[in-house]
Ligand code: GRF
C-alpha cells in the first residue's frame with residue numbers, strides 16, 4: 001500500500017479532497033497530514049477524517065536544512081512514499097527535493113509555466129487572459145517548475161476579481177488533484193488535462 005503524506009499550511013481544502021479520494025479501491029492511503037503552522041485549520045479537518053497529524057513549525061529550527069531534516073525523519077517514520085504539498089507555503093531546498101525526488105507533487109493555482117510564484121489570479125486578470133486554472137507538478141529545486149502531472153482549465157469571466165477567480169480555480173483543484181494522485185499512485189505519470 002502506498003503511503004501518502006500531505007503537507008499543509010492553512011485550511012487544507014485540497015488535503016480534505018485528497019484524503020476523501022483514497023477509498024478502499026485506491027492504491028494509496030493517507031499516513032500523515034503535517035503543517036508548518038501551529039493551529040492551521042486543516043489539522044482539525046485531518047483529525048476529523050482520522051488521519052494522523054503533526055505540526056512542525058519552521059521557526060523552531062535554526063535553518064532550512066535543520067527543518068527539512070526533521071521533516072524527512074517525520075515522513076520516513078510515517079511511512080510516506082508520496083508527498084502531496086497542498087497549500088504548503090514553505091520553499092523546499094534542493095537537499096530535500098533531491099532526497100524525495102520523484103515522490104513529491106504540488107498544486108499551483110495557475111496554468112504553468114504561466115505565473116509561477118504568488119498572486120497568480122491577479123496576474124491572469126491583469127493580463128486579460130480568457131482562461132486560468134491549476135497545475136499539479138512534480139516538485140524540484142526550481143520553484144513551480146517541475147514536470148507537469150496534470151492541469152485543469154477554467155474560464156476567466158468579465159468582472160472577475162482575484163477572489164472570484166480563486167474560488168473557481170479552487171473547485172478545479174479539488175477535481176484535478178485527487179485524479180492525478182490516483183494515477184501517480186497507480187504508476188502512471190501521463191499528464192492529465194481536464195477542461
Ligand atoms: C490553493 O489555492 C492552492 O492552489 C495553493 O494554496 C491553496 C491551498 O488551499 N497552493 P487549501 O489549503 O488546500 O484550501
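The values are calculated or read from the model by the stated rules, or taken from the named source; none is laboratory data. None of these values were measured; they are calculated from a predicted model. Methodologically, a virtual Cβ is constructed for each residue, glycine included, from the backbone with ideal geometry; neighbour enumeration extends over all protein chains shown.
Numbers at a glance
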{"item": "Checking residue 32 against (1) surrounded by fewer than 13 Cβ atoms within 10 Å (Cβ to Cβ); (2) not in a helix (DSSP H, G or I), the condition it does not meet", "result": "(1)"}
{"item": "Test: residue in region 70-91 that is more than 22 Å from residue 174 (Cα to Cα), at pLDDT below 95 and in contact with a helix residue (DSSP H, G or I) (Cβ under 6 Å, 6 or more places away or on another chain)", "result": "no"}
{"item": "For residue 161: the one exception among (1) surrounded by 17 or more Cβ atoms within 10 Å (Cβ to Cβ); (2) over 21 Å from residue 8 (Cα atoms)", "result": "(1)"}
{"item": "Condition met for residue 159 (part of a loop (DSSP other than H, G, I, E, B) and touching a strand residue (DSSP E or B) at 6+ places or on another chain (Cβ under 6 Å))", "result": "no"}
{"item": "Within region 85-110, considering residues that are part of a loop (DSSP other than H, G, I, E, B) and away from the ligand (no atom under 12 Å from the Cβ), the one surrounded by the fewest Cβ atoms within 10 Å (Cβ to Cβ)", "result": "91"}
{"item": "Answer residue from region 68-84, given it is within 19 Å of the chain's Cα centre (by Cα) and assigned to a helix (DSSP H, G or I) and is surrounded by the fewest Cβ atoms within 10 Å (Cβ to Cβ) among those", "result": "76"}
{"item": "Residue 195 at pLDDT 95 or above, away from the ligand (no atom under 16 Å from the Cβ) and surrounded by fewer than 16 Cβ atoms within 10 Å (Cβ to Cβ)", "result": "no"}
{"item": "Hits in region 111-156 (condition: touching a residue at least 24 places away in the same chain (Cβ under 8 Å), part of a loop (DSSP other than H, G, I, E, B) and over 24 Å from residue 94 (Cβ atoms))", "result": "111, 119, 129, 130, 156"}
{"item": "Residue within region 46-64 that is more than 21 Å from residue 189 (Cα to Cα), within 14 Å of the ligand (Cβ to nearest atom) and assigned to a helix (DSSP H, G or I) present", "result": "yes"}
{"item": "Scope region 111-122; condition surrounded by 15 or more Cβ atoms within 10 Å (Cβ to Cβ) and more than 10 Å from the ligand (Cβ to nearest atom); matching residues", "result": "111, 112, 114, 115, 116, 122"}
{"item": "Of residues in region 1-20 being more than 13 Å from the ligand (Cβ to nearest atom) and crowded, with 18+ Cβ neighbours inside 10 Å, the one farthest from residue 185 (Cα to Cα)", "result": "5"}
